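Attaching a single structure in structure tokens format; questions to follow.
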Amino acid sequence: MLLVSEPILGDEEKAALAAVVDDGWITMGDRVRRLEQAFAEAHGQPDAVAVSSCTAGLHLVLAAHGLGPGDEVLVPAMTFVATANSVLYVGATPVFVDIEGLDLPLMSLSDAAAKRTGRTRAVILVHYAGFLPDRDRWRAFARAHGLILIEDAAHAAGLPGAGGIGDAAVFSFYGNKNMTTAEGGMVTARDPAALERVRHLRAHGMTSGMQQRLTGHANGYDVTTLGFNYRMDEFRAAIGLVQLARLPGWNARRQALAERYRRTLERDCPGVVLPFPEPRPSANHIMPVLLPAEVDRSRVMRDLRIRGIQTSVHYAPVHRFTLYRERSPGVSLPLTEEFARRTLSLPLHPRMEDRDVDMVTLALAQALVQTSAQIPAQIPVVHCEETPS
């Protein structure tokens, strides 16, 4: 099965894990700190804080900036549910914003402006599929209304410019991301004081860590605020250091594969819409396409699976989940809902060969022709050509 995503793990990661075992210190220590510094340098940031997940990082950033009950946070619904959940964690209210368009599934600035109220305190921008939003426009919007601008950069590790848009940014190292530590994440922030609050909050609000006390750098600790247990361990940091060093090469390969997809899909599947037609920076985390409106996506996915190709959907719109329908009934996001109904994520990861892209494209073309043939004749159909690679 050609998977949608696949981590790359090998002898270097095994050796790094073995070294942690040999050293005997497995909780948050020197490797975590080295990963923080290396990640910050790779993203043009002065420092970073490693955490247990991107979700934890979003929670910490909101808490560090004092978000709480009565506050509203503008969020997209075209994202993983953790983006909105993190707002609930601090007692604030997520306000769902539509996307710019079917070809630009990033949060709409005009819809955000329409939904901003006197209670709005922050905006969470999601770098969907690894693509960056318009930095200058969003910063001007946030500055004009005194809003905290947060980047959910879960899809954008290693991308120049990621982390340089908002007041803070949070990255993911989950198993399907461009680099992985299995679970884990990283936080950067423009204000050193805000980043230090994140660092303090991730470990129970304690004033010193175990390693500091054992090495004599601290005699004890105080707890000065209600914190959380969101630390990263040395095993994950060891893997992260190996993965980070290889990330630029992997992202370059993703870029080449994405460009090949665009060429072959435009040639062989003219009825398929490719989001982000205009060039813009991307880490190419996933390869989403929009199927023709009349096509049964479940049949296409089934046909591709029979051919040995896994596909996925990124994402089900968050505002349609039961939790959020009950909390905010009547929310309508027409563009998000149409995008979610038609989107399909194709395999994209650095283990793939050029021939894999060609095989996926041809299989998709054939599946669309087969699916379209089953649609009643009165419904207009857009066919894909079965052009050999």
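No lab work stands behind these numbers, since they all come straight from the coordinates. Please read these numbers as outputs of a predicted model, since none were measured by experiment. Reconstructed Cβ throughout: ideal geometry from the backbone, glycine too, with neighbour counts over all protein chains shown.
Can you compute the equivalent ellipsoid semi-axes for the range 1-124, i.e. the square root of 5 times each eigenvalue of the Cα gyration tensor, sorted largest first and rounded to whole Å?
Working: eigenvalues 250, 83, 35 Å².
The three semi-axes for the range 1-124 are 35, 20, 13 Å.
With a ≥ b ≥ c the root eigenvalues of the C-alpha gyration tensor of the range 227-375, is it rounded (a/c under 1.5), prolate (a/b larger than b/c) or oblate?
Details: a/c = 2.03, a/b = 1.15, b/c = 1.77.
Here the range 227-375 falls in the oblate category.
Roughly speaking, what is the stretch gain from Asp354 to Ala182, that is 0.36 nm per residue apart minus the C-alpha to C-alpha distance, in nm to one decimal? Mind dumping the intermediate values first?
Numbers: separation 172, 0.36 × 172 = 61.92 nm, distance 2.68 nm.
Working it through step by step, the gained length comes to 59.2 nm.
Let me ask another. Counting Lys and Arg as +1 and Asp and Glu as -1, what is the net charge of the other residues whose Cβ lies under 13 Å from the Cβ of Met232?
On the way: positive: Arg31, Arg33, Arg34, Arg199, Arg202, Arg231, Arg236; negative: Asp30, Glu36, Glu183, Asp233, Glu234.
Surrounding charge for Met232 is +2.
If each DSSP helix of 4+ residues adds -39,500 (n - 2.57) and the sum is divided by the residues in the chain, what number results at 222 nm, nearest 500 deg cm²/dmol?
Numbers: 13 runs with 157 residues, N = 389.
The per-residue figure over the chain is -12500 deg cm²/dmol.
Can I ask one more? How big is the Kirkwood radius of the range 11-243, worked out from every pair of different alpha carbons and given in Å to one decimal?
On the way: mean 1/r = 0.0553 Å⁻¹.
Its Kirkwood hydrodynamic radius stands at 18.1 Å.
Something else: Which of the helices in the chain meet the span-like rule: DSSP H, Cα axial reach of 20 Å or more, Kyte-Doolittle mean at least -1.0?
Numbers: long enough: 234-268 (47 Å, -0.70); 354-372 (27 Å, 0.37).
Answer set is 234-268, 354-372.
I've got another one for you. What are the extents of the Cα atoms of the range 315-357 along their three principal axes, listed from largest to smallest and rounded to whole Å?
46, 18, 10
Please list 220-226, 169-175, 65-71, 337-343 highest first by mean number of surrounding beta-carbon atoms within 10 Å per residue.
Working: 220-226: 10.6, 169-175: 26.3, 65-71: 15.1, 337-343: 19.3.
Descending packing order for the listed peptides: 169-175, 337-343, 65-71, 220-226.
Quick check: convex hull of the Cα atoms in the range 232-318, volume per residue, rounded to a whole Å³? Working shown, then result.
Working: hull volume 14.9 nm³, N = 87.
With only Cα atoms used, the range 232-318 gives 172 Å³ per residue.
When the chain is treated as a GNM, springs tying every alpha-carbon pair under 10 Å, which of Ile99, Ile26, Ile124 comes out with the largest mean-square fluctuation?
Ile26
Related question: Counting residues in the range 83-219 as N, plug N into 2.2 N^0.38 Å and put the Cα Rg over that result. If you can, show how the numbers build up before the last one.
On the way: Rg = 17.0 Å, N = 137, 2.2 N^0.38 = 14.3 Å.
The value comes to 1.19.
Separate question: Determine, for each peptide in 158-166, 88-96, the mean count of other beta carbons within 10 angstrom over its residues, then list the peptides with the highest first. Don't skip to the answer; put the middle values down first.
Details: 158-166: 22.0, 88-96: 19.0.
Output ranking for 158-166, 88-96: 158-166, 88-96.
Compute for the chain: radius of gyration divided by Kirkwood radius, i.e. Rg/Rh, restricted to C-alpha atoms, rounded to two decimals.
1.00
Can you check what the Kirkwood hydrodynamic radius comes to for the range 236-281, Cα pairs only, in Å to one decimal?
Its Kirkwood hydrodynamic radius stands at 12.7 Å.
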